[in-house]
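See below for the structure under consideration.
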Amino acid sequence: MAWDFETDPEFQAKLDWVQKFVDEEVAPVDRVIEHAWDVTDPTRNKLIKPLQQIVREQGLWACHLGPKLGGPGYGQLKLALLNEILGATHSGPVVFGCQAPDSGNAEILAHYGTAELKERYLQPLIDGEIASCYSMTEPQGGSDPTSFVTRAVRDGDHYVVNGEKWFSSHARFSSFLIVMAVTDPDAPRTERASMFVVPMDTPGIEIIRNVGVWGHQESEGTHAYIRYTDVRVPADHLLGAEGEGFAVAQTRLGGGRIHHAMRTVGLVKAALAMMLERAVSRQTRGRSLADMQLVQDMIAESWADLEQFRLLVLRTAWKIDQLDDYKKVIADISAVKMVMPKVLNNVVSRAIQLHGSLGISTEMPFGKWLLESYHMGLADGATELHKQQIAKQLLKTATPAGGLFPTTHLPALDAAAEAKFGLPALGVQ
């Protein structure tokens, strides 16, 4: 039986290098560029591209991908340890070539794209030369993709797409979109939709507006409200077969959810580190905050929240590596997704309280991180849906009691013990 909580020394040396590199080279970039995904920004390219080259030379580029796609094929557990370092920064995932949504979109293209699509989009995406967008959610659909109404109708050697999509992140930076649209409204609910690669310059694509998020200071929002009007998409841009949109989506969503959690570990660790620094630095009423019991309570609760969450993330990543099938880890991934926003919210809230008025100011990052906790409760499926998924998976393992009372009913256990040993039971204990 193997049960180990140690990182092998060779990979730990790489992680140590990553931590130093991120602290000294990547984190400062966040202070001078607006958006790391904007490949048209000359300042961004001047600062980020040399760092990306260093990462390539270290063999740490696109670690979520296997060797056939230009990555080292580390697997989810090593990726978790890496991502918790990158997660405390805005630019870190881009510098290391493992940023969302591009990482998930690359997986979809690798699994379902034609040779031409891979050459045109996958390789440049892996190389960090272009950005992409996952255009799935609809204004009326929210977390229920079976209610989507955007249509794709076959017309000769094209599909014609009509409809609207909401919160299509990074569309304005993207060279292409991966779009889910209904191809057969009369099919069973999970077989109605298909997935397409849609070049961003296709006529009929209109960004109605770019939506911003509180706490993010971009001059223009990065989450697009898009209208598709008679958008003609070549038939060979279909990903998978017609009606397989949900199956294609799972190629990216399972990994996307756990990757969000990996990066969130980094934010929680950063918030706790700031709490500790504040506690030993701040004096009030002649005493250090570190000496006050309620402050100690907040620190202890935050550490326990972090460690439980981190271990759940790491174990889930390990199970994904072992089983190589996201379907077999559905409950674990949903649990990570369920816990993630609560832990981030709790720890950041305590950090704000410990920093006082400075904590709620724009001179500290806590306000942005607090709102990020609500974002994490919505991205890739609302928390409530994941709670339902966990319960469903657990209930599948339960067997109804054979009689009127539970199998653990104490009088029945007493009777069974008396029959087994020929001795009187002691009764309720």
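Numbers at a glance
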item	result
With DNA, RNA and ligands ignored, accessible area of T114 (1.4 Å probe; Å², nearest 10)	50
Only Lys, Arg (+1) and Asp, Glu (-1) charged, at Cβ; the range 91-178 dipole about Cα centre in debye	140
Residue-normalised accessible area of the range 309-400, expressed per residue, 1.4 Å probe, Å²	55
Accessible heavy-atom area order of T229, T40, highest first, probe of 1.4 Å	T40, T229
The range 142-192 shape via C-alpha gyration tensor axes, a/c threshold 1.5	oblate
In nm, spacing of pseudo-spin labels at T40 and S219 (7 Å Cα→C-beta vector)	1.3
Formal net charge of residues neighbouring Q322 (Cβ-Cβ distance under 12 Å; K, R +1; D, E -1)	-1
Listed values [x] 19.4; [y] 28.3; [z] 23.7, entry calculated as mean projected area of the Cα convex hull in nm²	[y]
Cα-centred dipole magnitude for the chain, charges only on beta-carbon of K, R (+1) and D, E (-1), debye, nearest 20	780
Segment E206-D4, extension gain: residue separation times 0.36 nm, minus the distance between their alpha carbons	67.5 nm
Fraction of accessible area attributable to carbon and sulfur, the range 136-207 (%, probe 1.4 Å)	49
Extension reserve of the Q250-A391 stretch, reckoned as 0.36 nm per residue once the Cα distance is removed	48.8 nm
Packing-based ranking, highest mean first, of 277-285, 3-11, 360-368, 157-165 given that Cβ atoms within 10 Å are counted	157-165, 360-368, 277-285, 3-11
Most fluctuating residue given options F309, F21, F167, as computed from a GNM of the chain linking Cα atoms under 10 Å	F21
Accessible-area value, R310, 1.4 Å probe, nucleic acids and ligands omitted, Å²	60
Rounded FRET efficiency, nearest 0.05, which uses the C-beta distance separating L323 from H111 and R0 of 25 Å	0.90
Formal net charge of residues neighbouring Q388 (Cβ-Cβ distance under 14 Å; K, R +1; D, E -1)	+2
Of all accessible heavy-atom area on the range 278-429, the percent that carbon and sulfur account for (1.4 Å)	58
Per-peptide average of other Cβ atoms within 10 Å, ordering 204-212, 101-109, 239-247 highest first	101-109, 239-247, 204-212
Calculated [θ] (222 nm, deg cm²/dmol) that DSSP helices of n ≥ 4 give over the chain, each run adding -39,500 (n - 2.57)	-14500 deg cm²/dmol
Burial ranking of peptide ranges 413-421, 338-346 (average Cβ count within 10 Å, highest at the top)	338-346, 413-421
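The values are calculated or read from the model by the stated rules, or taken from the named source; none is laboratory data. Only a predicted model underlies this, so the values are computations on that prediction, with no experimental measurement involved. Cβ sites come from the backbone with ideal geometry, for glycine too, and all protein chains shown count toward neighbours. Note: areas computed on protein heavy atoms with side chains; ligands, DNA, RNA excluded. Shrake-Rupley method; radii C 1.70, N 1.55, O 1.52, S 1.80 Å.
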